[in-house]
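Participant: After the structure tokens below, expect a handful of questions from me.
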Amino acid sequence: AKQKGRGATVFYEPSMATVVAEHLQLEADLQRAIERQQLSLNYQPIVSLKTQKIVGFEALVRWSHPQRGFVSPAQLIYLAEKAGLIVSMGQWVLSQACQHLLQWKPQFPELYVSVNLSEIQLRHPHLLQEVKGVLESLKLPAFSLKLEITESNLMENITHTTELLRQLKALKIRLLIDDFGTGYSSLSYLQQLPVDTLKIDRSFVQNIQAGNKDFEIAKTIINLAHSLSLEVVAEGIETSDQEEMLKQLGCEFGQGYLFSPPLVETEVMNFLNQNQ
Ligand code: C2E
Ligand code: CA
Ligand code: CA
Ligand code: CA
């Protein structure tokens, strides 16, 4: 805040030009960060609620800006999409996550890595080849990779998305609908899309209590998934009460701070050794 006249405080409002310039600077910084491999990935365990064993890890991108510090993934994805960098960033994420998994696999052969795809990546004509290329070059079996797609992405162009997902599915890659229940839900596309898993959004898990609305919604999602032969992951589990309730409802897998926050890559092996 700046002082103006006698005591009156006027908040400094950056001009439009300043905002735009800052934004462009940040986009340029991001481009450089991608080129120089200054992004990193964190890995959050996904746990079987039945056996408590770790079945996989979700890869979550991180960017620590040299001056601004940690940039939230939400802002990062937004920036990357706006700057036309999401495709190259997504390629990096995919290949990096698969390379890391390759290091854990000898000891934990069943493990998978789950990678988030943005809508722009889904629309990119080379996605299929790229995914195929990464798996082939690393000799990674398709079951080692899971792709997370959000509902809003799916709805954008349902015909194209269905076709693309079928082709990915034909490679035997597993597909997951992320944040289920929060998007532009339409039950009709659920039966036409070749997905394997629904991920219940954290907003339904957060306040889940026996018999309340979130409980009923979670129950409905789980029953719906099972009636379509899909598995369910619940995200954002923070308490053992939440875990217990979801388990009782038949949810197969869980993810959240109760089990572990996202880990840096170097912590993953330790975590696996301590928890398997
Ligand atoms: P998401 O896919 O829904 O990922 C789950 C988010 O919940 C992560 O936030 C994770 O750190 C956080 N989380 C996990 N467990 C808990 C918990 O118990 N409590 C709470 N409060 N939060 C929990 P993060 O890492 O900030 O990522 C935010 C979003 O950014 C992700 O949401 C995803 O949509 C997007 N994102 C992250 N990495 C990538 C990426 O590589 N590519 C793309 N396209 N999107 C990404
Ligand atoms: Ca996700
Ligand atoms: Ca999610
Ligand atoms: Ca979410």
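Participant: Suppose the filter is surrounded by 15 or more Cβ atoms within 10 Å (Cβ to Cβ) and free of Cβ contacts under 8 Å to residues at least 60 places away in the same chain; does K172 pass it?
Facilitator: No.
Participant: Identify the single condition in (1) in a helix (DSSP H, G or I); (2) hydrophobic (A, V, I, L, M, F, W, C); (3) touching a helix residue (DSSP H, G or I) at 6+ places or on another chain (Cβ under 7 Å) that L76 does not satisfy, given that it satisfies every other one.
Facilitator: Against the list (1) in a helix (DSSP H, G or I); (2) hydrophobic (A, V, I, L, M, F, W, C); (3) touching a helix residue (DSSP H, G or I) at 6+ places or on another chain (Cβ under 7 Å), L76 comes up short only on (3).
Participant: If I ask for residues that are in contact with a helix residue (DSSP H, G or I) (Cβ under 9 Å, 6 or more places away or on another chain) and among the aliphatic types (A, V, I, L, M), which ones from the range 226-251 would you list?
Facilitator: L228, L230, V232, A234, I237, M245, L246, L249
Participant: Pick out the one residue from L175, L168, L122, L164 that is within 16 Å of ligand 1 (Cβ to nearest atom) and assigned to a strand (DSSP E or B).
Facilitator: L175
Participant: Considering the range 197-212 alone, what residues qualify as being without any contact (Cβ under 8 Å) to a residue 40 or more places away in the chain and either touching a Pro at 6+ places or on another chain (Cβ under 8 Å) or closer than 19 Å to K146 by Cα (or both)?
Facilitator: Scanning the range 197-212 gives L198, D201.
Participant: Give the range 64-110 a look and list any residue that's in contact with a strand residue (DSSP E or B) (Cβ under 6 Å, 6 or more places away or on another chain) and surrounded by 17 or more Cβ atoms within 10 Å (Cβ to Cβ), or say none.
Facilitator: V71, L76, V93, L94, Q96, A97, L101
Participant: Collect the residues in the range 195-211 that are outside any strand (DSSP E or B), of a type outside the set (G, A, S) and surrounded by 13 or more Cβ atoms within 10 Å (Cβ to Cβ), keeping them in residue-number order.
Facilitator: V195, D196, D201, R202, F204, V205, Q206, I208
Participant: What are the pairs, 6+ residues apart or on separate chains, where a residue within the range 101-121 that is closer than 18 Å to N42 by Cβ has its Cβ under 7 Å from a residue that is modelled with pLDDT of 95 or more and of a type in the set (S, T, Y)?
Facilitator: Once the first residue is closer than 18 Å to N42 by Cβ and sits in the range 101-121, its partners that are modelled with pLDDT of 95 or more and of a type in the set (S, T, Y) give L101/S144; Y112/S144; V113/S144.
Participant: Going through the range 232-243 one residue at a time, which ones are away from ligand 3 (no atom under 15 Å from the Cβ) and surrounded by 14 or more Cβ atoms within 10 Å (Cβ to Cβ)?
Facilitator: Selection gives T239, Q242, E243.
The values are calculated or read from the model by the stated rules, or taken from the named source; none is laboratory data. Everything numeric here is computed off the predicted structure, so don't read it as measured data. Every residue, glycine as well, gets a Cβ built from its backbone with ideal geometry; the counts of neighbours run over all protein chains shown.
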